[in-house]
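Visitor: Starting off with a structure, shown below.
The values are calculated or read from the model by the stated rules, or taken from the named source; none is laboratory data. Source: prediction; values computed, not measured. Because the Cβ atoms are built from the backbone with ideal geometry, glycine has one as well, and the counts that use them run over all protein chains shown.
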Amino acid sequence: MAESSMSPRKAGNGEDSIYWDKAKNRYIGAVSLGYTPAGKRRRVKVSGKTKTEVRSKLRRRKRELEAGVVAPAAYTVESAVRDWLAQGLKGRDRASIDTYASLAKNHVIADLGKARLRELKAESLDCWLDEKAAVLATSSLQMVLSILRRAITHAQRRDLVLRNVAELVEAPEGQGGRPSKSLTLEQAKAVLTARPGTWIHAYVALSMLVGIRTEEVRPLTWNHVHLLPSSDKVPHVEVWRSVRRRGETKTVTSRRTLALPRQLVTVLADHQARQRRRREALGIAEETDGFVFGTDSGEQRTADHVRRNFRALLRTSGFTDPEQWTPRELRHSFVSLLSDHGIPLEVIARVVGHRRGSQTTEVVYRKQIRPVITEGAEAMDEIFACDGEADE
């Protein structure tokens with residue numbers, strides 16, 4: 001019998017069936033994978049412009065089903081990212097969640113949101129990252145890719161996609177971020193004398209003269225500030241907390257106890273007295289563990305609030321471009337001033353809590369016995385010594 005007159009053989013379970021659908025103007029592929037325990041037939045259909053494309057899609061769908069992946073055909077990158085934002089950031093602070101949400105919305109969802117997650121290709125992601133590298137800083141680019149990776153991982157754990165294609169690509173080099181600056185000695189002196197008697201003056205003095213991070217200054221409480229010398233310790237501040245998740249410091253070496261320069265002890269004592277009087281007038285009870293730079297109601301100040309007040313102080317100090325400065329550059333200034341004063345790099349690293357030099361082998365002390373690091377305070381007392389003190 002001629003081949004053209006033979007009836008097409010019905011495909012058995014697990015066999016592919018590919019045919020042309022004139023109405024859709026596409027090839028349709030179907031495969032029967034038996035029946036579910038409930039007796040429902042497991043039949044998968046896909047479509048494509050060529051038989052090769054259809055066969056590839058059928059193979060992928062069979063692998064997904066065998067792995068237990070049950071992603072809807074229309075499950076998109078946007079769906080995956082929004083699911084991760086809603087469920088994958090438990091325990092994160094509000095600022096971190098807002099940052100992730102902003103980057104996800106403006107870059108991942110805006111560019112890739114409509115793409116079906118299971119059809120996402122590494123080649124497409126490489127092209128996308130190259131385009132983003134032209135407008136984003138390297139750190140932002142890495143965070144955007146991290147968001148996509150974590151969103152897909154979240155979908156994997158819920159059997160919504162078989163593999164994480166974002167793990168197959170790397171972020172290219174992006175644009176250079178805004179370079180950090182440091183104050184000159186003359187600028188630093190002007191800043192330290194601006195707006196005395198205000199909380200921002202005390203905040204800047206602590207940041208400049210001790211060199212702790214902005215994330216360590218804002219959550220600082222009075223029970224970690226010791227202005228009176230004891231039998232075995234000079235006035236000091238215990239840098240044991242930050243605004244990070246669960247309050248941990250950036251690294252283990254960031255957890256440190258630092259001596260306070262003499263002039264800073266005076267500034268902080270005056271600030272504490274003013275804060276106490278102001279809260280008494282408002283009828284707010286004094287708290288030994290209250291925030292050193294908290295609001296009048298005792299709440300922790302936000303980074304935006306600190307930044308606005310810091311720039312206003314710079315304007316008072318005679319800066320013509322205060323918007324070009326951020327509070328974190330007080331820490332850079334601290335390091336530069338110590339370096340210019342001849343303090344060895346390994347000492348600076350220990351004071352600011354960097355993992356550098358001898359710090360890589362330093363034993364992490366228990367907080368009860370961690371020694372007070374005095375080198376930074378001693379140097380700052382010399383750098384900003386009054387003329388009379390310098391001549392004595």
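Visitor: On the given criteria, is PRO229 outside any helix (DSSP H, G or I) and closer than 20 Å to GLU299 by Cβ? Break it down into steps so the answer makes sense when it comes.
Guide: Working: outside any helix (DSSP H, G or I): yes; closer than 20 Å to GLU299 by Cβ: no.
Considered against the rule, which asks whether it is outside any helix (DSSP H, G or I) and closer than 20 Å to GLU299 by Cβ, PRO229 comes out as no.
Visitor: If I ask for residues that are over 20 Å from ARG350 (Cα atoms) and without any contact (Cβ under 8 Å) to a residue 40 or more places away in the chain, which ones from region 203-234 would you list?
Guide: Within region 203-234, HIS226, LEU228, PRO229, SER230, SER231, ASP232 meet the criteria.
Visitor: Going through region 105-127 one residue at a time, which ones are out of contact with any Phe, Trp or Tyr (no Cβ under 8 Å at 6 or more places or on another chain) and either buried (at least 16 other Cβ atoms within 10 Å of the Cβ) or of a type in the set (Lys, Arg) (or both)?
Guide: LYS105, HIS107, VAL108, ILE109, GLY113, LYS114, ALA115, LEU120, LYS121, LEU125
Visitor: When you check LYS90 against the structure, is it over 28 Å from PRO219 (Cα atoms) and of a type in the set (Lys, Arg), yes or no? Explain how you work it out, then say what you get.
Guide: Numbers: over 28 Å from PRO219 (Cα atoms): no; of a type in the set (Lys, Arg): yes.
Considered against the rule, which asks whether it is over 28 Å from PRO219 (Cα atoms) and of a type in the set (Lys, Arg), LYS90 comes out as no.
Visitor: Determine whether region 294-303 contains at least one residue that is on the phi > 0 side of the Ramachandran plot, assigned to a helix (DSSP H, G or I) and modelled with pLDDT under 90.
Guide: Within region 294-303, not a single residue is on the phi > 0 side of the Ramachandran plot, assigned to a helix (DSSP H, G or I) and modelled with pLDDT under 90.
Visitor: Oh, and also: Would you check which residues across region 213-255 are of a type in the set (Ser, Thr, Tyr) and either at pLDDT 90 or above or not assigned by TED's automatic domain parsing to the domain that holds VAL335 (or both) and list them?
Guide: THR221 - this is the single residue of region 213-255 that is of a type in the set (Ser, Thr, Tyr) and either at pLDDT 90 or above or not assigned by TED's automatic domain parsing to the domain that holds VAL335 (or both).
Visitor: Is there any pair linking a residue in region 6-33 that is in the same structural domain as LYS49 (by TED's automatic domain parsing) and at positive phi to one that is basic (Lys, Arg) and modelled with pLDDT of 85 or more, with Cβ under 8 Å and at least six apart or on different chains, and which?
Guide: none
Visitor: Kindly evaluate LEU260 against the criterion of being within 23 Å of the chain's Cα centre (by Cα) and at pLDDT 90 or above.
Guide: no
Visitor: Among the listed residues GLY298, GLY283, GLY353, identify the single one that is over 19 Å from TRP199 (Cα atoms) and free of Cβ contacts under 8 Å to residues at least 60 places away in the same chain. Walk me through how you get there before you give the answer.
Guide: Details: GLY298 fails: over 19 Å from TRP199 (Cα atoms); GLY353 fails: free of Cβ contacts under 8 Å to residues at least 60 places away in the same chain.
Checking each option against the conditions leaves just GLY283.
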